[in-house]
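What follows is a short report on a single structure.
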Amino acid sequence: EKWIVDDRDDWREQREEKIVGFPAEIGSIKDTFETEGGIHKFLLMGDPDVMTKLAAVLARDFSDLQSAASNPEYLEITAAGVEKSEGLKTLCGKLGISPEEACGRVRRGNGKCAGECAEAGTDGDREE
């Protein structure tokens, strides 16, 4: 996994580092894309009004992309049709665990992963 940013001092980047559990690297998205052959997701961080406007432009002008706001300051951009629940199923298959096991630590009320767990076939409503 690689996470490229242009500013490690931004408070949003620092918050996201704590959430994902590994540090970002300062780098060039263009260079990374050319070297490694692809990017799975863009996570843009910024003013909520700017993120809302950007989401509208993407929806209007780029039908091959989709966006989702995981919080008001974040806009996640992926190829159209990409679903976290399918990624969860694929990852679980490679790890030899069930989606229920993966989602067992997720509480429905925390706003993280509950929807993906439901789409993957488990409710994500228990904590182990």
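The values are calculated or read from the model by the stated rules, or taken from the named source; none is laboratory data. Worth saying up front: this structure is predicted, and the values here are computed from it rather than measured. All accessible areas refer to the heavy atoms of the entire protein, side chains included, with ligands and DNA or RNA removed. Shrake-Rupley method; radii C 1.70, N 1.55, O 1.52, S 1.80 Å.
When only alpha carbons are used to place a centre, segment 1-50 and segment 57-104 end up 16 Å from one another. Stretching Asp47 away from Ser63 to a fully extended chain increases their span by 3.4 nm, per 0.36 nm per residue minus the current alpha-carbon distance. With the whole protein complex present, Ser63 retains an accessible surface near 110 Å², based on a 1.4 Å probe.
Rg/Rh for segment 1-65 stands at 0.99; both radii use Cα atoms, and Rh follows the Kirkwood definition. Taking each residue as 0.36 nm, the span from Trp11 to Lys30 lengthens on full extension beyond its C-alpha to C-alpha distance by 4.5 nm.
Determine the share of segment 1-103's accessible area contributed by carbon and sulfur atoms, expressed in whole percent, with a 1.4 angstrom probe. Taking all protein chains in place, segment 1-103 shows 55 percent carbon and sulfur surface.
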